[in-house]
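Chemist: Pasting in a structure now, in structure tokens, and then I'll have a few things to ask.
The values are calculated or read from the model by the stated rules, or taken from the named source; none is laboratory data. Given the structure is predicted, the values throughout are model-derived calculations rather than measurements. As a convention, Cβ positions derive from the backbone with ideal geometry for all residues, glycine included, and neighbour counts pool all protein chains shown. What goes into the accessible areas is simple: the full protein's heavy atoms, side chains included, and nothing from ligands, DNA or RNA. Shrake-Rupley method; radii C 1.70, N 1.55, O 1.52, S 1.80 Å.
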Amino acid sequence: MDLWAIWLIVAAVLIAVETVTLTVALGMLGGAALVTAAFAAAGVPLPLQFLVFTVVAVVSVVFVRPRVRRALRPPGRRFGVDALVGRTAHVVAEVTATGGRVRIGGEEWTARAYDETLVIPPGTTVDVMEISGATAVVYPRE
């Protein structure tokens, strides 16, 4: 079997797996295999084919993948702890400027009051103003 055909098969498998995983990385590797297949069809020796594959794969994964992932992310959608800012929480243990506990969704978080003069009693509904490390900074709802 010709080397260019093997590179095409590798590219097809990587791209097919990418459609299931949606990581973009396997798609970049599939693209690198397609480029390498073109070089193989032109008669480039095998060691240089591996070099072409490596260079194209590294460049695409390091430089192209982050831009593609950013472009595919829905606008205005926050992820991780950023998604907690603005959500409602319920005070589990009294929250002061130095500490306390709140429940955000189904998880308990350490918390402190946004206004350092406030003491927020258990059972109060609060808004998450920011996340500082692993601590929710909260303010009571009015």
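Chemist: Name the single residue, out of those in segment 58-79 being in contact (Cβ under 8 Å) with a residue 24 or more places away in the chain and not polar (S, T, N, Q), that is surrounded by the most Cβ atoms within 10 Å (Cβ to Cβ).
Modeler: Among those that are in contact (Cβ under 8 Å) with a residue 24 or more places away in the chain and not polar (S, T, N, Q), it is Val61.
Chemist: Do any residues in segment 118-137 that are under 14 Å from Val85 (Cβ atoms) have Cβ atoms under 8 Å from those of residues that are of a type in the set (S, T, N, Q) and not in a strand (DSSP E or B), where the two are at least six apart or on different chains, and which pairs are they?
Modeler: That search, which allows pairs on different chains as well, returns nothing.
Chemist: So which pairs qualify, if the first residue must be in segment 80-96 and free of Cβ contacts under 8 Å to residues at least 60 places away in the same chain, the second must be β-branched (Val, Ile, Thr) and exposed (fewer than 15 other Cβ atoms within 10 Å of the Cβ), the Cβ gap must be under 7 Å, and the two must be at least 6 apart or on different chains?
Modeler: Every condition considered, the pairs that remain are Thr88/Thr125; His90/Thr125; Glu94/Val119; Thr96/Val119.
Chemist: Across segment 80-92, which residue is modelled with the highest pLDDT among those that are of a type in the set (Gly, Ala, Ser) and surrounded by fewer than 14 Cβ atoms within 10 Å (Cβ to Cβ)?
Modeler: Once the filter is applied, the top-ranked residue is Gly86.
Chemist: Filter segment 112-135 down to the residues that are in contact with a Lys or Arg (Cβ under 8 Å, 6 or more places away or on another chain) and either among the aliphatic types (A, V, I, L, M) or open to solvent by 60 Å² or more (accessible area, probe 1.4 Å) (or both), then identify the one that is farthest from Phe79 (Cα to Cα).
Modeler: Selected residue: Val126.
Chemist: Moving on to the next point. Take Gly106 and tell me if it is modelled with pLDDT under 95 and at positive phi.
Modeler: No; evaluated as a whole, the condition is false for this residue.
Chemist: Could you list all residues from segment 94-111 that are open to solvent by 40 Å² or more (accessible area, probe 1.4 Å) and in contact with a Gly (Cβ under 8 Å, 6 or more places away or on another chain)?
Modeler: Matches in segment 94-111: Glu94, Thr110.
Chemist: Criterion first (in contact (Cβ under 8 Å) with a residue 24 or more places away in the chain and loosely packed, with under 13 Cβ neighbours inside 10 Å) does Leu22 satisfy it?
Modeler: It is false that Leu22 is in contact (Cβ under 8 Å) with a residue 24 or more places away in the chain and loosely packed, with under 13 Cβ neighbours inside 10 Å.
Chemist: Which of the residues that make up segment 39-54 are touching a helix residue (DSSP H, G or I) at 6+ places or on another chain (Cβ under 9 Å) and open to solvent by 80 Å² or more (accessible area, probe 1.4 Å)?
Modeler: The initial filter retains those residues of segment 39-54 that are touching a helix residue (DSSP H, G or I) at 6+ places or on another chain (Cβ under 9 Å), namely 39-42, 44, 46, 48-50, 52-54.
Residues satisfying the conditions are Phe39, Ala42, Leu48, Phe50.
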